Amino acid sequence: MATDIAELRRILREHTTIAVVGLSAEWHRPSFFAAKYMQEHGYRIVPVNPRYAGTPEGILGERCYASLLDIPHPVDMVDVFRRSADVLPIAQQAIEIGARCVWQQLDVENQEADVLARAHGLSSVMNRCVKIEHARLFGGLHWMGVNTGIIAAQRPH
């Protein structure tokens, strides 16, 4: 499992097309917030959620797919916003489509999927938020977890 800073930085630098499994179209959901942040930082987001597959508007302006197997182009990373119990078949599909990383979001830890991914040469990250790690490693993380866009050495009054 990738946990050291150099490995996380490498993954985030090299894996720029991210299939987000469980991405919601609802703006207040963590999956939407994280995917939008990554999209705004130059990553291509590929939504994967059967609920929104085939809808003309998609999610974040991108076509949504029902499954990883339906994506017609290469994917670097599979970012999982699902329960831990649901991750193993997702990891198997990630291997099948040639993804290079399986990233399990905060509170998502499936050891079996981690072992399987690494056995097939994929990078594997568990229980970490891709948005938080990107902001932490590449700048943009404010003490509240957001970038205010203000640079100051003084606290506001």
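With A66, A153, A117 as the choices, which residue is more than 16 Å from the chain's Cα centre (by Cα), of a type in the set (G, A, S) and modelled with pLDDT of 95 or more?
A66
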Q.
So if I check each of G58, G42, which one is on the phi > 0 side of the Ramachandran plot and at pLDDT 95 or above?
A. G42
Q.
Anything in segment 4-37 that is in contact with a strand residue (DSSP E or B) (Cβ under 8 Å, 6 or more places away or on another chain) and hydroxyl-bearing (S, T, Y)? List them, or say none.
A. T16, T17, S24, S31
Q: Considering only segment 38-131, give the strands (runs of 3 or more DSSP E) lying wholly within it that have at least 3 residues that are touching a strand residue (DSSP E or B) at 6+ places or on another chain (Cβ under 9 Å), under 12 Å from A19 (Cβ atoms) and not aromatic (F, W, Y).
A: 44-48, 77-80
(Q) Kindly evaluate L137 against the criterion of being modelled with pLDDT under 95, in contact with a Leu (Cβ under 7 Å, 6 or more places away or on another chain) and surrounded by fewer than 21 Cβ atoms within 10 Å (Cβ to Cβ). (A) yes
Q.
Suppose we keep only residues that are surrounded by fewer than 20 Cβ atoms within 10 Å (Cβ to Cβ) and within 11 Å of the chain's Cα centre (by Cα) within segment 3-29. Which one would you say is farthest from Q92 (Cα to Cα)?
A. T16
**Q.** Candidate set: segment 61-70, residues that are surrounded by fewer than 19 Cβ atoms within 10 Å (Cβ to Cβ) and in contact (Cβ under 8 Å) with a residue 24 or more places away in the chain; chosen: the one nearest to K131 (Cα to Cα)
**A.** S67
Q: Would you mention how many residues in segment 14-31 are assigned to a helix (DSSP H, G or I) and more than 13 Å from V130 (Cβ to Cβ)?
A: 1
Q.
Within segment 101-113, does at least one residue satisfy the condition of being over 15 Å from the mean Cα position of the chain (by Cα) and buried (at least 19 other Cβ atoms within 10 Å of the Cβ)?
A. yes
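The values are calculated or read from the model by the stated rules, or taken from the named source; none is laboratory data. No experiment lies behind these values; they were computed from the predicted model shown. Please note: Cβ atoms are built from the backbone with ideal geometry, for glycine as well, and neighbour counts cover all protein chains shown.
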